[in-house]
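What follows is a single structure, written as structure tokens, with notes after it.
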Amino acid sequence: MDLQAIQNFDLNRIDRQFVVNPHPTLAALREHDPMHVNPDGSIYLTRHADVLATYRHKDMLSDKKVEFGRKFGDGPLLTHHTTSLIFNDPPYHTVVRKLLAAAFTPRKLEEMDSLIREIVDGLLDRMADMGTLDFIAEFASALPTEIISVMLGIPRAHRHKLRGYSVAILGALDPVVSAENLAKGNAAVTEFSALLSDLIALRRANPGQAQQGQVLDGLIFGEIDGRRLSDIELVQNCIFLLNAGHETTASTVGNGLAVLLDNPDQHRLLMNDPDLIVSAVEEILRLQSPLQIGNRLAKTDIDLPSGKIAAGTYIHTSIAGANRDPAVFVAPDTVDITRQPNRHLAFITGIHVCLGATLARMEARMALGRLVARFPQIRANGGFELLGLARFRGHRKMPVAV
């Protein structure tokens, strides 16, 4: 990529080539233009030090009401993305995060361990019976669908809809979104909101009957300093839990298998030493982060390692670029499931560090670890299809044979 092309790069006009493989462009930006200014005045950060400092800085805002108002217009997507935890700042963020944290206490996670194992083994049994299958639909997506459904008490009849909802809602966050995909995102928020409203009404009418792993009662009746979630906050933050808990895990598991199949030496290493699953999952998260691009708004003039950012500047953080920064990672494009330390930013950091990161790691470790042990000969059975999103990295289809 020549210097002229680097200077002319516009994150708001990316093409399919960038979506499929952003890393040559990110490497060029990281080396020659680490604080790249897009034509709209926003800044795209690609160095680990700058992205890390951005997430840790107290004067970086997550509120996107103005930006999302321009992007979405008035409607369900705007309501969702301006009410959910991730795109808000203290004090609202502090209160809601404390309430949602009830879903991820050590006791709740301990409850989830046996449930995850049971679901994983059931899905592996089904894969064995099928022989050939779409790994995303039958395993990578099915696992978090079952888990988040249990957590929110979603009836089995509706569970097949969840990944479609998640992809449509998250897809609307891409830098470039078609009118068709905006319409799909709005429809997904509307449909899922109606389903959740019915579930919340049912739980309110029947308190104290939650099953193992369920957290909806805690969200409905929990309070911090007398503050409870309103109905709209409940619904929109349950959608957030779906999106955060579902797509991250589905993409990590799918990306993980793809990485192992593309690197047979690392696949064999993991089969020969199952204890490497912990560092293997971290390397997969680094190489193919489910979240590729984040955003912040500078509240004040801010000094970053690569330079100054003026107050009011809208910032795009390249998690994908940061996670392959040679200043932090030796041979950053090489897969090394023994890599230590591994200071990737897949789950961000600071006050917005991923609330469900521990659960996502539990799911990925158990899923990939038990998959590799159960099916040592698993192989591709056709071409893999990416989601086709710039902000989120994952697969839509992965035909395999076991």
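Values quoted throughout were computed directly from the atomic coordinates according to the rules given, and no laboratory measurement underlies them. Since the model is a prediction, treat every value here as computed from it, not as a measurement. Backbone-built Cβ (ideal geometry, glycine too); neighbour counts: all protein chains shown.
Sequence gap at least 6, Cα distance under 8 Å: using those rules, report the relative contact order of the chain to the nearest whole percent. The value is 26 percent. Among 162-171, 135-144, 117-126, the peptide with the highest mean count of other Cβ atoms within 10 Å heads the list, and the full ranking is 135-144, 162-171, 117-126.
The slack between residue 2 and residue 268, meaning 0.36 nm per residue of separation minus the straight C-alpha distance, is 91.9 nm.
Membrane-span-like helices in the chain (whole DSSP H runs, Cα extent of at least 24 Å along the helix axis, mean Kyte-Doolittle hydropathy of at least -1.0): 106-130, 179-205, 231-262, 357-374. Segment residue 31..residue 161, full-extension length gain: 42.6 nm, with 0.36 nm per residue of separation and the alpha-carbon distance subtracted.
Does segment 90-192 classify as rounded, prolate or oblate by the C-alpha gyration tensor (a ≥ b ≥ c root eigenvalues; a/c under 1.5 gives rounded; else a/b over b/c gives prolate, otherwise oblate)? The shape class here is oblate. Summing charges over all other residues whose Cβ lies under 14 Å from the Cβ of residue 330, with Lys and Arg as +1 and Asp and Glu as -1, gives 0. The antiparallel fraction among DSSP beta bridges confined to the chain stands at about 90%. Each 10 Å bin from zero up to the one holding the largest Cα-Cα distance in segment 51-139 carries the following percent of pairs: 13, 23, 24, 26, 13, 0.
Temperature 10 °C, viscosity 1.306 mPa s: under these conditions the Stokes-Einstein estimate for segment 173-322, based on its Kirkwood radius over C-alpha pairs, is 81 µm² per second. Over all distinct Cα-Cα pairs of segment 3-401, the Kirkwood formula returns a hydrodynamic radius of 21.7 Å.
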